[in-house]
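The values are calculated or read from the model by the stated rules, or taken from the named source; none is laboratory data. None of these values were measured; they are calculated from a predicted model. We place every Cβ from the backbone using ideal geometry, glycine too, and count neighbours over all the protein chains shown. Heavy atoms of the whole protein, side chains included, go into the accessibility calculation; ligands, DNA and RNA do not. Shrake-Rupley method; radii C 1.70, N 1.55, O 1.52, S 1.80 Å.
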Amino acid sequence: METDLLKRNDEVTVTIYGPDNNCLYKSTKTGYHTLDEAVRDSINNANLEVDPEDCVFEVTNDTNNISHKYRINAHGNLKLIV
């Protein structure tokens, strides 16, 4: 997504992939304002048994079909995987 902003009515799917590239959690919701908010909510709901810094987060805005993958760096910031 070109910017970090989402519209509150955008349908957003967050898929969490573990260190072995297996899907650990997937959710679709609306009401998020930022990508970070969507990822943090998914982490809280997923009850992960692995460190979130070891995971890849695929965030898809289903409203406009834009999808990107992110990681959480050592400083706790969400970073785009390029």
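Applying a threshold of 9 Å to beta carbon distances and a minimum spacing of six or more residues, or different chains, the list of pairs starting in segment 5-30 at a residue that is closer than 18 Å to Pro52 by Cβ and ending at one that is part of a loop (DSSP other than H, G, I, E, B) and of a type in the set (A, V, I, L, M) reads Val12/Leu6; Ile16/Leu48; Gly18/Leu48; Gly18/Val50; Pro19/Val50; Leu24/Leu48; Leu24/Val50; Tyr25/Leu48. Pairs are defined by a Cβ separation below 9 Å, a sequence spacing of at least 6 or placement on different chains, a first member in segment 52-81 that is in contact (Cβ under 8 Å) with a residue 60 or more places away in the chain, and a second member that is part of a loop (DSSP other than H, G, I, E, B) and open to solvent by less than 80 Å² (accessible area, probe 1.4 Å); the pairs so defined are Asn61/Met1; Asn61/Leu6; Asn61/Asp10; Ile66/Met1; His68/Met1; His68/Ile81.
Looking across segment 63-81, the residues that are within 18 Å of Lys26 (Cα to Cα) and in a strand (DSSP E or B) come down to Ile66, Ser67, His68, Lys69, Tyr70, Arg71, Ile72, Leu78.
Annotation: of all residues in segment 12-50 being open to solvent by 70 Å² or more (accessible area, probe 1.4 Å), within 15 Å of Leu78 (Cβ to Cβ) and touching a strand residue (DSSP E or B) at 6+ places or on another chain (Cβ under 9 Å), the one that is modelled with the lowest pLDDT is His33. With respect to the conditions (1) surrounded by 12 or more Cβ atoms within 10 Å (Cβ to Cβ); (2) at pLDDT below 95, Asn9 lacks only one, and its number is (1).
Taking the conditions exactly as written (in a loop (DSSP other than H, G, I, E, B) and of a type in the set (Asp, Glu)), does Glu49 satisfy them or not? For Glu49, the condition - in a loop (DSSP other than H, G, I, E, B) and of a type in the set (Asp, Glu) - is met.
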